[in-house]
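S.K.: Mind looking over this structure? Questions follow.
The values are calculated or read from the model by the stated rules, or taken from the named source; none is laboratory data. No experiment lies behind these values; they were computed from the predicted model shown. Here Cβ is always computed from backbone atoms with ideal geometry, including for glycine, and neighbour counts include all displayed protein chains. Quick note on the areas: whole protein, heavy atoms, side chains included, nothing else; ligands and nucleic acids left out. Shrake-Rupley method; radii C 1.70, N 1.55, O 1.52, S 1.80 Å.
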Amino acid sequence: MNRNRNLEVSVAPMMEVTDTHFRYMCRLLSKRVTLYTEMIVENTILNRLDDLGLFLGYHHTEQPLVIQLGGNNPDKLAKCASIAQEWGYSEINLNCGCPSNKVAGQNFGASLMLEPETVRNCVKAMQRVV
């Protein structure tokens with residue numbers, strides 16, 4: 001068995017689990033884990049600009065930290081990506097896989113798999129600003 005292999009471990013975004021306290025604990029356990037935020041919906045960010053710390057705040061030891069965005073509007077996601085970059089996130093992830101009816105019913109998450117052009121437009125819009 002090769003014990004020198006570099007293993008990459010990611011802690012997937014999980015609603016009501018991967019909050020800042022959970023991520024902080026994970027970081028204490030290992031510095032080699034990629035941590036993700038819970039999914040944050042585009043409208044949550046854009047409609048709560050006065051208290052973004054509630055949604056985007058994190059402890060500096062959580063870095064590197066990936067923010068997961070939920071949505072399907074390229075312009076809104078681009079604004080959110082720009083805000084996330086200002087907050088110092090190391091990566092931006094677009095949720096295209098959450099099978100929850102609550103999420104997919106809003107035409108994002110897993111339902112985006114049925115709309116590859118929408119995903120392409122969203123990703124291109126975010127790439128333009130970050």
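S.K.: Rank these residues by their accessible area, most exposed first, probe 1.4 Å: Ile92, Ile67.
M.R.: Ile92, Ile67
S.K.: Calculate the spin-label point distance for His21 paired with Lys124, positioning each point 7 Å from the Cα along the beta-carbon direction, and give it in nanometres.
M.R.: Each label point lies 7 Å from its Cα, and together they span 4.4 nm.
S.K.: Please identify the longest segment of the chain free of exposed trypsin sites (Lys or Arg not before Pro), where exposed means a DSSP state other than H, G, I, E or B and no more than 14 other Cβ atoms within 10 Å.
M.R.: Counting only loop sites that pass the neighbour cut-off, the longest clear stretch is 49-130.
S.K.: Can you give me the relative contact order of region 1-99 as a percent, contacts being Cα pairs under 8 Å and 6 or more apart?
M.R.: Computed over region 1-99, the figure is 26 percent.
S.K.: Let me ask something else about it. With labels modelled as points extended 7 Å from the Cα through the Cβ direction, what inter-label distance (nm, one decimal) is found for Glu86 paired with Ser10?
M.R.: 2.7 nm
S.K.: Please determine, in degrees from 0 to 90 and to the nearest 10, the orientation of helix 74-86 with respect to the longest principal axis defined by the Cα atoms of the chain, where the helix direction is its Cα long axis.
M.R.: 30 degrees
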